[in-house]
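A.B. asks: Input: one structure, supplied below.
The values are calculated or read from the model by the stated rules, or taken from the named source; none is laboratory data. If you're wondering where the values come from, they're calculated on a predicted model, not measured in any experiment. As a convention, Cβ positions derive from the backbone with ideal geometry for all residues, glycine included, and neighbour counts pool all protein chains shown. Remember, those area values only see protein heavy atoms, side chains included, never the ligands or the DNA or RNA. Shrake-Rupley method; radii C 1.70, N 1.55, O 1.52, S 1.80 Å.
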Amino acid sequence: MLGQMMQQPLLISSLLQHAERHHGAQAVVSRRVEGDVHRYTYRDLASRSRRLAKALAALGVQPGERVGTVAWNGYRHLELYYAVSGSGTVLHTLNPRLHADQVAWIAEHAQDRVLCFDKTFLPLVASVASRLPTVRHFVLMADKAHMPADEPIPGLLCYEDLIDGPGDDHFDWPRLDEDTASSLCYTSGTTGHPKGVLYSHRSTVLHTLASSLPDALNLSARDTVLPVVPMFHVNAWGLPYSACMVGAKLVFPGPALDGKSLHDLFEAEGVTLAAGVPTVWQGLLAHVSGNGLTFSTMRRTIIGGSACPPAMMNTFEDTYGVQVIHAWGMTELSPIGTVGVLKAHQQQLPLPEQRALQAKQGRSVFGVDMKIVDEDGQELPWDGQASGELLVRGHWVLAQYHQGEQSPLVDGWFPTGDVATIDADGFMNITDRAKDVIKSGGEWIGSIDIENIAMAHPGVAMAACIAAKHPKWDERPLLVVVPRANAEVSREALLGFFDGKIAKWWTPDDVVFVDAIPLGATGKMLKHRLREQFEHHLLAKA
Ligand code: AMP
């Protein structure tokens, strides 16, 4: 027997419709590339998103085709979030911090049809435009007054012209199948190229609902939310969707992510909740403490992307009275998996024990299940001691990479590459990482790319790139090199060899020369052994 309730597909457009009808006067405030602060309401957002959807259709964008963005957090980017996904096409957010070659590779792999970008990224996009045969239209996210006088990209379109193009904002969001693809975000490949994670309307709406719960990000219509986490990183942890769903005021920082600019915006707009990686908060806290400031409205901060240092948590909580919500997730998880909010009996514990729990990555949000397994795939106990690879499954967990050939799943579970313990209360704690990657300031660095370049240097016999701990960036790449016999190779020459070949910030911080790199039985470099030996190398130098 079937239930007799309405069948309404879970669609991203419904979040926007809700915001317009029930929170229409709520504000969306954006610091712009143009330098000023722009403000409008959810009503305006909805109207302009409909116009944009019409304009994209007029450009000939077909259902399922990808519309790429290279943009900061701001209202135009938000309009693209809703217009593109809402109309059945796929929003593909590109990370502008990558090297131009990688940006081009990803846009090509995704087969983007339209590419919309902020003026900041005009030089980047112009440098790769001729290499993107699938892109039919390039759109500069600006008004007429800010369009370049020359035409750096042939046929470059003006975003505000597109919005003005349709005579009115009458547009009915299509009733899509809820499993329709909605957005696409590439993540670092641990082997080879980046991999695309293709979200659906259903997975996104379910993630939006669950991530807003009190024991998750705890969002409400009384909040003013500022996502520092970029909209090109896993949909800014879903905040552009969840803010609309709950009717929170949204504040976007645009390109100004330094401590002063952020703090000014927090205070001017009454921000109650902000979200970002630890590195961003370091800059903010340095500015606030260095200038004797406080947070007059900020109540909670969501910290994730890499582990929140206990000292940072203590400073936020004890000095500034800001609750830290420590969260763990992945691009493959839309991204939220666990959140470190205490249970009732844990709040009775002495403060140091509470903090120790909060420093863990947290417990599952409904919708994501997890387990830890040993090397044979056997599930390990939840005793806070046994550590093993963390596997997850759930409504918003990836089943297959975009155009991936093999399923990454193991018996229906997604292996995260993180190594963790889980305690009796279900608090997960990441203790190590099985995947061979480096995460610096919340951004991945491809160790394999770095090794391949180093190996091309005539003085290098063998090279391994490992994650070394760093006081500011959490991790930085360290290159371990076995020089060729009789070859002259210096640290400076090797580091200079990376110039132009990768993004500048991917260049290793230092080189360590060794006689040999330990190898396993199959000839693979045993990088964990190198990490044990050298992971404190940069701290020692700092
Ligand atoms: P990304 O796909 O870029 O979001 O990166 C996901 C990875 O970042 C995870 O698999 C972890 O290795 C790491 N990560 C994310 N959040 C945390 C956290 N709170 N603590 C430690 N590592 C984290």
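A.B. asks: With unit charges on the beta carbons (Lys and Arg positive, Asp and Glu negative) and the dipole taken about the Cα centre of the stretch 435-478, which residue among 445, 457, 473 sits farthest to the positive side?
C.D. replies: After comparing all options, I get 473.
A.B. asks: If you take the square roots of the eigenvalues of the alpha-carbon gyration tensor of the stretch 1-41 and sort them as a ≥ b ≥ c, do you get rounded (a/c under 1.5), prolate (a/b over b/c) or oblate?
C.D. replies: prolate
A.B. asks: Let me ask another. Would you be so kind as to identify which of 210, 165, 241 lies farthest towards the positive end of the dipole of the stretch 115-260, taking Lys and Arg as +1 and Asp and Glu as -1 on Cβ and the Cα centre as origin?
C.D. replies: 210
A.B. asks: Separate question: With a 10 Å radius around each residue's Cβ, average the other Cβ atoms per peptide and rank 397-407, 441-451, highest first.
C.D. replies: Ranking, from highest mean packing down: 441-451, 397-407.
A.B. asks: I've got another one for you. Keeping all protein chains in position, work out how much accessible area residue 147 exposes to a 1.4 Å probe, and write it in Å² to the nearest 10.
C.D. replies: Here the residue's solvent-accessible area equals roughly 40 Å².
A.B. asks: Quick one: net charge around residue 137, please, counting Lys, Arg +1 and Asp, Glu -1 for every other residue with C-beta under 14 Å from its C-beta.
C.D. replies: Here the count lands on -1.
A.B. asks: With both bridge residues required to lie in the stretch 16-97, what share of the DSSP beta bridges run antiparallel, to the nearest 5%?
C.D. replies: Taking every DSSP beta bridge within the stretch 16-97, about 55 percent pair in antiparallel fashion.
A.B. asks: Another question, then. How large is the dipole of the chain about the Cα centre if only Lys and Arg carry +1 and Asp and Glu carry -1, each at its Cβ, rounded to the nearest 20 debye?
C.D. replies: 600
A.B. asks: Magnitude of the Cβ-charge dipole of the stretch 295-372, K/R +1 and D/E -1, about the Cα centre, nearest 20 debye?
C.D. replies: 120
A.B. asks: Between residue 101 and residue 44, what FRET efficiency comes out of the Förster formula 1/(1 + (r/R0)^6) with R0 = 51 Å and r the beta carbon distance, rounded to 0.05?
C.D. replies: So the FRET efficiency works out to roughly 0.85.
A.B. asks: Residues with beta-carbon under 10 Å from that of residue 89, excluding residue 89: net charge, scoring Lys, Arg +1 and Asp, Glu -1?
C.D. replies: +1
A.B. asks: Once you put a point 7 Å from the Cα of residue 34 and another 7 Å from the Cα of residue 524, both along the Cβ direction, what distance in nm separates them?
C.D. replies: Once both label points are built, they end up 5.3 nm from each other.
A.B. asks: If you keep only loop residues by DSSP, which trypsin sites (Lys or Arg not before Pro) in the stretch 173-257 have at most 13 other Cβ atoms within 10 Å of their Cβ?
C.D. replies: In loop regions of the stretch 173-257 (DSSP not H, G, I, E or B), the sparsely surrounded trypsin sites (Lys or Arg not before Pro) are 175, 222.
A.B. asks: Exceeding 20 Å between C-alpha atoms, which entries from my cross-link table qualify? They are 439/472; 469/524; 119/260; 119/249.
C.D. replies: Violating the 20 Å Cα-Cα cut-off are 469/524; 119/260; 119/249.
A.B. asks: Next question. Please report the net charge: other residues with Cβ closer than 11 Å to the Cβ of residue 102, K and R +1, D and E -1.
C.D. replies: Here the count lands on -2.
A.B. asks: While we're here: R0 = 25 Å: FRET efficiency of residue 431 with residue 540, Cβ-based, nearest 0.05?
C.D. replies: 0.65
A.B. asks: Considering only DSSP beta bridges with both partners in the chain, what is the antiparallel share in %, to the nearest 5?
C.D. replies: Close to 55 percent.
A.B. asks: Something else now. Suppose every K and R has +1 on its Cβ and every D and E has -1 on its Cβ; what is the size of the dipole of the stretch 96-250 about the Cα centre, in Debye to the nearest 20?
C.D. replies: That gives the stretch 96-250 a dipole magnitude of about 480 debye.
A.B. asks: Where both partners of a DSSP beta bridge lie in the stretch 70-225, what percent of those bridges are antiparallel, to the nearest 5?
C.D. replies: 40
A.B. asks: Of the options 487, 428, 516, report the single residue whose Cα projects farthest towards the positive end of the charge dipole of the stretch 389-517 (beta-carbon charges: Lys, Arg +1; Asp, Glu -1).
C.D. replies: With unit charges placed on the Cβ atoms, the residue in question is 487.
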